[in-house]
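Just so you know, all these numbers are worked out from the coordinates, no wet-lab data involved. Here the structure is a predicted model, which is why all the values come from computation and not from measurement. Positions of Cβ are backbone-derived with ideal geometry, glycine not excepted, and every protein chain shown enters the neighbour counts.
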Amino acid sequence: MSKPLKAQVENCTGCQLCALICSATHVGKFEPKQSRIGVEDLFPEPGEFKLNFCIHCEEHPCVESCPAEAIKLNEKLGIYYVDKEACTGCGACVDACPYNGCWMDPSGSYSIKCDLCGGKPQCVEVCPKKVLSWDGE
Amino acid sequence: MVTGYTGKILRVDLTNEKTSTEPTNMDWAKKFIGGKGLGAKYLFEELKPGVDPLSPDNVLMIWTGPLVGTMVPLTSRYVVITKSPLSGTFLDTYAGGYFGPELKYAGFDAVIVKGKAKRPVYIYANDGNAELRDAKNVWGKDMVKTEEILRKEVGQKFARVAGIGQAGEKLSRIAGVTSDITRNAGRGGAGAVFGSKNLKAVVASGSLGVEVPKIDEFVEMAKQMLWKDVVGNPDHEGLITDGTPIIVKMSQDAAILPTNNWHSGQFDGHEGIDSAALKERVYVRKKACFSCGIACGSFARVRDGMFKGSVTEGPEYETLGLAGSNCGIRNIEAIVKFAEECDRLCLDTISAGAAVGFAMDIYEKGIITKEDTGGLDLKFGNEEAYAKMPELIAERKTRIGDLLAEGTLIAARKIGKDTEKLVIHSKGSEYPAYDPRGSIGMALAYATSDRGADHNRAWPVAGDAYGDGDPWSTEGKAATCHDEQTLKSYKWSMIFCDFYGVSAANQAMFLNAVTGMPADEHWLKEVGERVWNLVRAFNVREGFSRKDDTMPERMATEPLPSGKTQGKTVRPEDFEKMLDEYYQLWGWDDQGRPTKATLEKSGLGDIIPNLPYLK
């Protein structure tokens, strides 16, 4: 398996530049709700940020849960990605993921999750506090 | 085709409880961009002169700008534009955070609200649609609870809320609008305008996004600018390491830190409220607004003592000055508590801090007593009494709370006994935390600020008290004010954050990339001059002129007692000289009114028939 993104979330300032570039890269416009990385601001309590993204876990329950076999292997990177065309939007993967790693596109018609931008994760390149890193290939 | 805008404005008629949408006037957008400029144009055209700001006839707007919601760094802002109940002037008051982008993702460049609802309501804007909803579950509640409840009511975990607490509901003229719990469009009493309309909040949620041409090239450019011009920009270093609290020490050293209701420019307790104290005693983490690589904000929490558990973002320099040294407060923990109360109740910390400092001054002079304060021993530095003041003001409890809710100037006029002399303001808006007696250009900046005393229209203090220039020379001060007011007028029409030290050329590049408008430095300058002249014409139409562009008497008559400013005042003849020069630079007459020629030159010829003084 390829390595997932890493995050030192304690240094996250909540600027959402990761989500902005992610949405631009994947859907061609700026819209953080269509990003594959989600930034939650939890204030005033507990007073911290939470970053949600697919950690490309070994057990990948999303793949097992998908009735349409829409979560497919990218052999080059060794990670599973959502084939938007094949996805029926049932949401089984969202329920199956214990890591809040995937969610529904706001249209509700398919699920979305991190695909490491095909090997050049854009969020890493834009994180001004270097919270995000990727030591894949 | 112009891009970057949603192209839609949400109209809300509260009297008839109706919402509608209309196209954004793109002919106007090409002349005024958005934000401050475009909002000023709409307000000038739609507000009748002489309207009581707290009457249903006032117009309340929330504007975004074309860059908001994109990856252009530090463009998270929205602006509330209305006629100010504090100063009676044009009002534009800004907040960062996440609300501005969300309003655009919800499909709107702006929300324009008129009339008054028969019952408390809130506006819900979602993916190009909007509705008015009953606010009975949140009326009377603070903004922390309001945000939580309204997100649940609309069923959107990531909905953003801009609204008012108890201060706005009770029509305090120093009430602001809060979003994201700690971000405030604080100045000028915008919160009271919400309250006067029975409008609790605007809730935005959307996934429409913002599109720009050639997005791949655009992203590359924005990425490069982020690293080179934001993270790597030496001008941002202090903001990245400390944020605005770094200014406390600079002001103490320059002896312009307002202390004990402006009776001194130095505070012997400054070490308890400066950036080092903040970092050591209450700092939790850095917090950024949307699209910002600087993250000047510090989320702070009090660890122990009387105010244990209190949280805020900041406190920022203005709060540390007005609500800190100016109230004789020596401990950062007490200021965190005060700021938390102001966030929650939605009070402007500059005006509230100034008001409490004033109240402490007249309490110590025996003009008010414990009978007026509900038993509080309101001496300078009494943290326990001080921390209760935001609630007394917002809820109009006790005589002094009810008076200060009107703003310091009206409070003093009602109290009488010559207390008006103790109020440090211009046009009723309390001074921010830079004493002009140690930077005389600030007296001009405050006097000529379009929304009443303000530091965010021009900041000559940077070049003298904090720099190499002579703080007591009149030379170049009018030009600094003129140039910075021009710059801010276009910068806030896009809308950039004040803290992005971005060149005019780069602003033009960003605007051009997002909108396709033919922006360059010269074009932007023309827009800036047009916007500032328009806003001045608005204020003149409301009756303002040279007679109102003044400084408080104490700036001339009461010398500061210590440090670099010992014995210093602002000489009235210097002030008048700067003002004359300033009017000339702007092409205004000797009463500070834009002439026909100036308006025509600025592309404002069409408003001349609406200005009775030019007939």
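Each other residue within a Cβ distance under 14 Å of residue B:331 adds +1 if Lys or Arg and -1 if Asp or Glu, for a net charge of -3.
What stretch of chain A, leaving out the sites themselves, is the longest with no trypsin sites (Lys or Arg not before Pro) in a DSSP loop having at most 10 other Cβ atoms within 10 Å? Can you show the working numbers first?
Values: sites that count: A:76, A:130.
Result for the longest clean stretch: A:1-75.
What would the Debye equation give as log₁₀ I(q)/I(0) for segment B:280-375 at q = 0.10, 0.15, 0.23 Å⁻¹, counting only Cα atoms as equal point scatterers? The Cα Debye sum returns log10 ratios of -0.31, -0.63, -1.19.
Would you calculate a helix-derived [θ] at 222 nm for the protein assembly as shown, using -39,500 (n - 2.57) for each DSSP H run of n ≥ 4 and dividing by the full residue count, to the nearest 500?
On the way: 28 runs with 258 residues, N = 752.
Value at 222 nm, helices only: -10000 deg cm²/dmol.
Check the straight Cα-Cα distances from residue B:116 and name the aspartates and glutamates below 15 Å, setting aside those fewer than 8 residues away within the same chain. Partners found: B:13, B:17, B:52, B:57, B:134, B:169.
All other residues with a Cβ under 13 Å from the Cβ of residue A:103 taken together, and with Lys, Arg as +1 and Asp, Glu as -1, what is their net charge?
Values: positive: A:33, A:36, A:113, B:157; negative: A:40, A:95, A:105.
So the surrounding residues net to +1.
Excluding same-chain neighbours fewer than eight residues apart, the lysines reachable from residue B:417 by a Cα-Cα span under 16 Å are B:365. Value of Rg to Rh for the protein assembly as shown, rounded to two decimals, is 0.97; Kirkwood radius and Rg both from alpha-carbon coordinates. The fewest-to-most ranking of B:112, A:55 by surrounding Cβ atoms within 10 Å reads A:55, B:112.
Suppose a student asked you for the relative contact order of chain B, using Cα pairs under 8 Å spaced at least 6 residues apart; what percent would you report?
Values: 1477 pairs, mean separation 92.6, N = 615.
This gives 15 percent for chain B.
Bridgeable lysines around residue B:249 (alpha carbons under 17 Å apart, same-chain partners fewer than 8 residues away excluded): B:279, B:564. Three principal axis extents of segment A:50-94 based on alpha-carbon atoms, in descending order, are 29, 25, 17 Å.
Think of each Lys and Arg Cβ as +1 and each Asp and Glu Cβ as -1; about the Cα centre, that makes the dipole of chain B roughly 1640 debye. Applying the Kirkwood pairwise sum to the alpha-carbon positions of segment B:456-615 produces a hydrodynamic radius of 17.6 angstrom.
Considering only A:100, A:121, A:46, and ranking their Cα positions along the charge dipole of segment A:9-128 that arises from unit charges at the beta-carbon of Lys, Arg, Asp and Glu, the one farthest toward the positive end is A:121.
Remark: B:442, B:551, B:225, B:26 ranked as B:26, B:225, B:551, B:442, counting other beta-carbon atoms within 10 Å and listing the fewest first.
Using the Cα gyration tensor of segment B:236-423, with a ≥ b ≥ c the square roots of its eigenvalues, what is the shape: rounded (a/c below 1.5), prolate (a/b larger than b/c) or oblate (neither)?
Values: a/c = 1.94, a/b = 1.64, b/c = 1.19.
Taking the square roots of the gyration eigenvalues as a ≥ b ≥ c, segment B:236-423 is prolate.
Positive-end ranking of B:195, B:349, B:7 along the dipole of chain B, with charges on Cβ about the Cα centre, is headed by B:195. Along its first, second and third principal axes, ordered by size, segment B:366-475 spans 49, 26, 24 Å in Cα coordinates. Report the FRET efficiency, 1/(1 + (r/R0)^6), for residue B:553 and residue B:596, where r is their Cβ-Cβ distance and R0 is 30 Å, rounded to 0.05. That pair, residue B:553 with residue B:596, gives E of 0.30. Along the charge dipole of segment B:457-615, Cβ charges K/R +1 and D/E -1, which of B:506, B:532, B:543 sits furthest on the positive end? The listed residue farthest towards the positive side: B:543. Output the relative contact order of segment B:8-205, whole-number percent, from Cα pairs under 8 angstrom with separation of 6+ residues. Over segment B:8-205, the number comes to 23 percent. Between residue B:249 and residue B:585, the contour length at 0.36 nm per residue exceeds the alpha carbon distance by 117.6 nm. In segment A:6-133, the alpha-carbon atoms span a convex hull of 112 Å³ per residue.
Near residue B:259, once Lys and Arg are set to +1 and Asp and Glu to -1 for all other residues with Cβ below 10 Å from its Cβ, the sum equals -2. The spread of Cα positions in segment B:290-341, taken along each principal axis and listed from longest to shortest, comes to 35, 24, 15 Å.
My understanding is that a pair violates if its Cα-Cα distance is over 18 Å; which of B:18/B:118; A:29/B:31; B:141/B:200; B:427/B:568 do that in this structure?
Correct reply: A:29/B:31; B:427/B:568.
By definition, a body whose alpha carbon gyration tensor gives a ≥ b ≥ c is rounded when a/c is under 1.5, and chain B falls into this rounded group.
Dipole magnitude of segment B:236-423 about its Cα centre, charges +1 at Lys/Arg Cβ and -1 at Asp/Glu Cβ only, in debye to the nearest 20?
Working: 23 positive and 29 negative charges, 55 e Å.
Here the size comes out at about 260 debye.
Summarised in one figure, the compactness ratio Rg/Rh of segment B:8-205, Cα atoms and Kirkwood Rh, is 0.92.
Would you mind ranking B:343, B:574 so that the residue whose beta carbon has the fewest other beta carbons within 10 Å leads the list? It would help to have the intermediate numbers written out before the result.
Numbers: B:343 28, B:574 19.
Ranking B:343, B:574 by Cβ neighbours within 10 Å, fewest first, gives B:574, B:343.
Charged side chains reduced to their Cβ positions (Lys and Arg at +1, Asp and Glu at -1) give segment A:1-82 a dipole of some 400 debye around its Cα centre. Entry note, chain A: relative contact order of 30 percent, from Cα contacts under 8 Å with a spacing of 6+ residues. How big is the gap, in Å, between the Cα center of segment B:256-292 and the Cα center of segment B:1-36? Distance between centres, Cα-based: 39 Å.
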